[in-house]
Amino acid sequence: MIGPLYRLEQYVREALLRDAFPEYEDPQTRRVARAVHSLPPFHRQLFCLVRYDGWSYEEIAARLDISVRRVEVEMGRTILLLSRSLRRQERKGW
């Protein structure tokens, strides 16, 4: 279960980013950019390494000196945080 502190941090970051990314015309693209940038720093780094840089979980585990299982767990949390952020933004009409 994602702790209340993670959620609170993400709410605050989302609010600060509400008018960010005007260069994206597509609202869904803007929501995704806001969701990624609203992640806590560790989760944002993890997401970017996996999705944008194409690193494997094993490479990330070796670089960050954590277990592969920990990478899997944290990536699951990252996806959960992103999906909640996207749903919340859509409900608010951002």
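The values are calculated or read from the model by the stated rules, or taken from the named source; none is laboratory data. Bear in mind the structure is a predicted one, so any value in this text is a computation, not a measurement. Here the Cβ positions follow ideal geometry from the backbone for every residue, glycine too, while neighbour counts run over all protein chains shown.
Things to note:
- Residue-level check: of (1) touching a Leu at 6+ places or on another chain (Cβ under 6 Å); (2) at pLDDT below 95; (3) of a type in the set (Phe, Trp, Tyr), Trp55 misses just (2).
- The number of residues in the stretch 52-78 being within 25 Å of Pro4 (Cα to Cα) and in contact (Cβ under 8 Å) with a residue 12 or more places away in the chain comes to 6.
- In the stretch 28-51, the qualifying residues are those that are touching a residue at least 40 places away in the same chain (Cβ under 8 Å) and more than 28 Å from Ile66 (Cβ to Cβ), and the one that is farthest from the chain's Cα centre (by Cα) is Arg30.
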